[in-house]
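In what follows, a structure is listed as structure tokens, so that the remarks can point back to it.
The values are calculated or read from the model by the stated rules, or taken from the named source; none is laboratory data. Please read these numbers as outputs of a predicted model, since none were measured by experiment. Counting neighbours? That spans all protein chains shown, and the Cβs are built from the backbone with ideal geometry, glycine included. Just the protein is used for accessible areas: all its heavy atoms, side chains included, with ligands, DNA and RNA removed. Shrake-Rupley method; radii C 1.70, N 1.55, O 1.52, S 1.80 Å.
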Amino acid sequence: MKQAQTADTRHPACSAIAQEFRPSILIVDDRKENLLATEKVLRPLQANIFKASSGNEALSLLLRHRFAVVLLDVQMPEMDGFETAMLMQEHESMRGVPIIFVTAISKEEKYASQAAELGAVDYIFKPINSDILKSKVKVYLDLYVQREQILKLNATLQQSNEELERFAYICSHDMQEPVRMMNSYAGLLEEKCVGSLGEESERYLRFIAGNAKRMQKMIQDILTFSRVGREEVKIETVDCNEIVREVLAEFEALIAAKGAIITSADLPFIATSPTLMRVLLQNLIGNALKFQDGVRAPRIEIGARAAGDAWEFSVQDNGIGIDHKFNNRIFTIFQRLHRKEEYPGTGIGLSTCRKFVRLCGGDIQFESELGKGTNFIFTIPSNNKEAA
């Protein structure tokens, strides 16, 4: 058995790239003259060509190499092409390899049907038309190269994302203490110097304290975002009603100040992450309270309903609404739709919600009308549909 290769060595970089994604073809035929003739036809396709003279030899090569396509002769002694294909389908590493059957036997439809059942992508007859064979094989070589390039790109992107998230985690973690100290000392200075500073100096001090608090909130939000996917998601039975009560207690002062009316349906017990539910409800209820016009009292309704193999939750408000031109930006990290002077925030909350809920197999979307309010809807997969 020998391997025929053709490579473009005119430029080292081009040669390296071509070699990295260079596909391989396996030709299986018990007649040496057929192997050599087929190899000669396919040599211009810039692929590694392997040859096997039996089904057993082909299976051995398939265990040791990855192939873009296999040209498999049907009539062979000991183990014919159909038997070889059947054994390929039983092995996980071989199951997805495209098989083109090559045969000189009867063109009856039953043979083509049998080939299709065994995973064949094509069924061609001898004598072989060289141009047709090359065009058919080239399709699978191109698909293989494209798939390999996509897999490598995905791996590179995943590595880049992981590195960025590690960087965000380390930076936000290390920045917490100095920002906390800056915030604390600004507060102490404000207390000690009240009445003794001029109006302009007091304004500067308030500006320092306000920005320190904003920075502290941003660091906390970045830290939360970077943790999603880095730490194990712990699943347990969660009483969603209890989570809502805890979140509303956190917003008690803001709810009272705005005269907000919040109603919640009888929510279910579900098997999910309590951290997930808390992050989702904190962000969605917090946004519903924040994005108001200041004229009407905020009204927020929290609900849930069974939807197939998941629970569908909703947090609906009567706030300012979201312009549909921002639909593609609303869940993007650091994307703000309003100036911080109008509605303070970091632009991280909703992106954290989507990242977290998708990590757990769900999704989040919204319906909105300007001036009338927004309804955020998220799904949480769960096998436990027993409501409390």
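Touching a residue at least 24 places away in the same chain (Cβ under 8 Å) and part of a loop (DSSP other than H, G, I, E, B): which single residue out of Gly294, Gly319, Gly286 fits that description?
Result: Gly319 is the single residue among Gly294, Gly319, Gly286 that is touching a residue at least 24 places away in the same chain (Cβ under 8 Å) and part of a loop (DSSP other than H, G, I, E, B).
Taking Leu205 as the residue in question, decide whether it is at pLDDT 70 or above, in a helix (DSSP H, G or I) and open to solvent by 60 Å² or more (accessible area, probe 1.4 Å).
no
Tally up the residues in region 3-29 that are modelled with pLDDT of 90 or more and over 15 Å from His65 (Cα atoms), please.
1
Which residues, taken from region 250-262, are within 34 Å of the chain's Cα centre (by Cα) and open to solvent by 60 Å² or more (accessible area, probe 1.4 Å)?
Of everything in region 250-262, just one residue is within 34 Å of the chain's Cα centre (by Cα) and open to solvent by 60 Å² or more (accessible area, probe 1.4 Å), namely Glu250.
Can you pull out every residue in region 51-64 that is assigned to a loop (DSSP other than H, G, I, E, B) and touching a Leu at 6+ places or on another chain (Cβ under 8 Å)?
Within region 51-64, Ser53 is the sole residue that qualifies.
Residues being aromatic (Phe, Trp, Tyr) and either touching a residue at least 60 places away in the same chain (Cβ under 8 Å) or surrounded by fewer than 23 Cβ atoms within 10 Å (Cβ to Cβ) (or both): count how many of those fall in region 44-102.
Total meeting the criteria: 2.
Please find, among Val233, Val244, the residue that is assigned to a loop (DSSP other than H, G, I, E, B), within 24 Å of Phe331 (Cα to Cα) and either modelled with pLDDT of 85 or more or within 23 Å of the chain's Cα centre (by Cα) (or both).
Of Val233, Val244, the one residue that is assigned to a loop (DSSP other than H, G, I, E, B), within 24 Å of Phe331 (Cα to Cα) and either modelled with pLDDT of 85 or more or within 23 Å of the chain's Cα centre (by Cα) (or both) is Val233.
Restricting attention to region 208-230, and to residues there that are surrounded by 14 or more Cβ atoms within 10 Å (Cβ to Cβ) and touching an Asp or Glu at 6+ places or on another chain (Cβ under 7 Å), which single residue is modelled with the highest pLDDT?
Ranking the candidates gives Ala209 first.
Please enumerate the residues belonging to region 65-88 that are part of a strand (DSSP E or B) and either touching a Cys at 6+ places or on another chain (Cβ under 7 Å) or closer than 19 Å to Lys32 by Cβ (or both).
Hits for region 65-88 are Val70, Leu71, Leu72, Asp73.
Considering region 89-106 alone, what residues qualify as being over 22 Å from Leu133 (Cα atoms) and not in a loop (DSSP other than H, G, I, E, B)?
Gln89, Glu90 - these are the residues of region 89-106 that are over 22 Å from Leu133 (Cα atoms) and not in a loop (DSSP other than H, G, I, E, B).
Mind checking which pairs have a first residue in region 134-155 that is over 13 Å from Val69 (Cα atoms) and a second that is open to solvent by less than 90 Å² (accessible area, probe 1.4 Å) and of a type in the set (Asp, Glu), Cβ under 9 Å, 6 or more apart or different chains?
Cβ pairs passing all conditions: none.
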